[in-house]
1. For a bin width of 10 Å, list the pair-distance distribution of the stretch 49-113 built from all Cα-Cα distances, rounded to whole %.
2. Kindly express, to the nearest 10 degrees and within the range 0 to 90, the angle between helix 3-15's C-alpha long axis and the longest C-alpha principal axis of the chain.
3. Take the chain, connect every pair of alpha-carbon atoms lying under 10 Å apart with a spring to form a Gaussian network, then pick out the residue of 80, 100, 15 with the largest mean-square fluctuation.
4. For the stretch 1-60, what is the convex hull volume of its Cα atoms per residue in Å³?
5. Over what distance in Å are the Cα centres of the stretch 46-65 and the stretch 1-22 separated?
6. Mind listing the Cα extents of the stretch 1-107 along all three principal axes, in Å, largest one first?
7. Quick one: angle between helix 60-69 and the longest Cα principal axis of the chain, in degrees between 0 and 90, rounded to 10, please.
8. Compute the helix-to-body angle for 89-107: its Cα long axis versus the longest principal axis of the chain, expressed 0 to 90° and rounded to tens.
Amino acid sequence: MSRERRKELLAAYRERKPRPGVFAVRCAATGQVWVQATPNLDNCRNGVWFPLKIGSHPNKGLQAEWKAHGEAAFAFEEVEALEEEELTAWELTSRLKSRERHWREALGATAVTG
């Protein structure tokens, strides 16, 4: 890959707008679901999977299920992406909290963060 192409790709990456929304982590072995809202759906999977893999996730119940059933039993699912619109930080936080509550109730889920 040329140096110019690399610069173009890096610039495009930096200019991306984050996609806020809500995601779920599902355990196929038990049917348990964990839900969390995030300001950036594109980057959050690794933030959940990495601590699970090394055994240091803050949600002890989720970590125990991961240890018992292994990574193959888990799925990451985007359940809702918020529409792109200009929101203040407060409005975005408020909407994310509201949508997380909605999805936790709808899916009978608990919080990813414990």
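Just so you know, all these numbers are worked out from the coordinates, no wet-lab data involved. None of the values given here were measured: they were computed from a predicted structure.
1. 17, 39, 32, 12, 0
2. Between helix and principal axis, roughly 60 degrees.
3. Fluctuation is largest for 15.
4. 131
5. 29
6. If we take the Cα atoms of the stretch 1-107, the spans are 47, 37, 20 Å.
7. Roughly 80 degrees between the two axes.
8. Roughly 40 degrees between the two axes.
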